[in-house]
1. Based on the Cα atoms of segment A:81-174, what semi-axes does the equivalent ellipsoid have, where each is the square root of 5 times one gyration tensor eigenvalue, given in whole Å with the largest first?
2. Can you pull the one-decimal nm distance between simple spin-label points at B:Ile155 and B:Arg93, each 7 Å off the Cα toward Cβ?
3. Under 20 °C and 1.002 mPa s, how fast does segment A:81-134 diffuse according to Stokes-Einstein, given a Kirkwood radius computed over C-alpha pairs? Answer in µm²/s, whole number.
4. How big is segment B:215-304 on each of its three principal axes, counting only the C-alpha atoms and giving the largest first in Å?
5. Return P(r) of segment B:123-166 (all Cα-Cα pairs; 5 Å bins starting at 0; whole %; ordered from short to long distances).
6. On average, how many beta carbons from a partner chain sit within 10 Å of the beta carbon of a residue in B:183-190?
7. Counting only residues 5 or more places away or on other chains, whose amide H sits under 5 Å from the amide H of B:Lys74 once H atoms are built in the peptide plane?
8. Based solely on C-alpha atoms, express the radius of gyration and the Dmax of segment A:149-295 in angstrom.
There are 2 protein chains.
Amino acid sequence: MSLLVIGTVAFDAIETPFGKTDKIVGGAATFGSLAASYFYNKVKIVAVVGDDFPQAFIKDLNKHTIDTEGLQIKAGEKSFFWSGKYHNDMNTRDTLITELNVLADFDPIIPESYQDCEYLMLGNLTPQVQQTVINRLKNRPKLIVLDTMNFWMDIMLDDLLATIKMIDVLTINDAEARQLSGEYSLVKAANKILTMGPKYLIIKKGEHGALLFGEGKIFAAPALPLAEVFDPTGAGDTFAGGFIGYMAKVGTVNFNNMKNAIIFGSALASFCVEKFGTEKILNLTQEEIAARVQEFVSLSKFEI
Amino acid sequence: MSLLVIGTVAFDAIETPFGKTDKIVGGAATFGSLAASYFYNKVKIVAVVGDDFPQAFIKDLNKHTIDTEGLQIKAGEKSFFWSGKYHNDMNTRDTLITELNVLADFDPIIPESYQDCEYLMLGNLTPQVQQTVINRLKNRPKLIVLDTMNFWMDIMLDDLLATIKMIDVLTINDAEARQLSGEYSLVKAANKILTMGPKYLIIKKGEHGALLFGEGKIFAAPALPLAEVFDPTGAGDTFAGGFIGYMAKVGTVNFNNMKNAIIFGSALASFCVEKFGTEKILNLTQEEIAARVQEFVSLSKFEI
């Protein structure tokens, strides 16, 4: 039994109103697997990097009990690189550079030892690669969570629709839910998206929290109001990784467990944005996470 | 002991993607007093109308046990009139017509029988008129809630700042909190605003719910995800009225009671937007309100 995370392992260069980084390690599978590792100790990744990627960081992943057998290292090639600049509101950003490099012809090879996968997080990637991973698993995982973005809706909607037919939980933001459904009301958008395949939909609303739809129910999770958002990069991946890591820990897929999984995912994401890149989520303690989750409890609890 | 609501009693003409109205009754004091009346039976209003205002509607207010002794009716003059058109997102609107009419020289006269006021809702009006009401009350009310908007921040900030020094709870939306404080982070904005006088701040975020700040604590209330928002006019006034009505009912001013008051206010507001104008909140039952509040409970409850 294991939790497989697929996505990018890559370099980011980030500029925010608070500062600027050189190339630092980022990527959906990086953030997702690190977040999941706080709840579950059989996290495995499938990703591709060039030989410019630091061995030391792979060791950091391994220290988090993350299995990197499925991390392909392409000799003589370069890792995926993204550079972006956040605006003052920290909600919008401009992409400055995208260098696909090794990602251009990424073939997600699943090691034989990964075939015990019960929980699958498909981090943001081309829908075809996401679909290939599902097809290459001999047993259909118990829970498949897919994260995607507007970019794939713009340029390969048919592939995306084919892929989300095969999954259990879709995580997108509110603008993407509106785009995918053609409905402005998020309730109508969710109802429509839930006819496209997924049994559950999580709509991420950044500083406004998240909504979970499924089983005819709705759950509204708050976001922790933060004085400073230092760098939002990776927050969505961290959220998804924390979510599926918690689900793997509890082991039963239902709406109630997903509510808690959203709170734990949100707690991890709230740490992620406090520093650049993976700095904060590389070094959390269980005590810090428990305290942060309690902040979510007191933030939203009322007794009527 | 009574709850005084001051604000406009007026006509609105509204256009939304769902339809269009002729002149219908609206106004902050109308929505606010009706909402409060579901929780407290000593609601009194101070407002001004022209003799074009329908007597039948005043009777409707009285049926809700709302005392209209302080409703001035100016012979030969016309009631305040606002006309607006909502965009497709229902969050933004254009003002088409504003006719101040009787509001231009509104002098808020407080009947002697209103001097038992313990709870005061200052609905959106010029800051000077709001301040005059406070000054004319012989005893300082136990709880003063003030609702305002960006318009007064734009054109008479000094008067507004002088008035909010005198109150307990300020209710504004997120854009207004950012404008008033000059801070983008709502946590920083709230901290700054809480140094300006109010002990509590409620930031209304529309479809994203509301945040309550005060006593060093934060509460995040969800909004009910709605399939249809028919007409948002009056939702903020209804929220404020429901909030203070509930506070008057429980009688003790503290953060915990305010959390529930926000849920009750949000429940009333969620009804308000289901029909044009006051149509829905004129005819609610306690059972409907209790059921709606339970929807808020199940929407946001989780057990960790």
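The numbers here are math on the coordinates, done by the rules we state, and not lab data. Remember, it's a predicted structure, so these values are computed and weren't measured experimentally. Note: ideal-geometry Cβ built from the backbone for every residue, glycine included; neighbour counts use all protein chains shown.
1. With the √(5λ) rule applied to segment A:81-174, the semi-axes are 27, 16, 13 Å.
2. The modelled label-to-label distance comes out at 1.7 nm.
3. Approximately 153 µm²/s, per Stokes-Einstein.
4. 38, 31, 24
5. Histogram of Cα-Cα distances, whole percents per bin: 5, 23, 37, 22, 9, 4, 0.
6. Across the residues of B:183-190, the mean count of other-chain Cβ atoms within 10 Å is 4.
7. B:Val49, B:Gly50, B:Asp51
8. 15.3, 44
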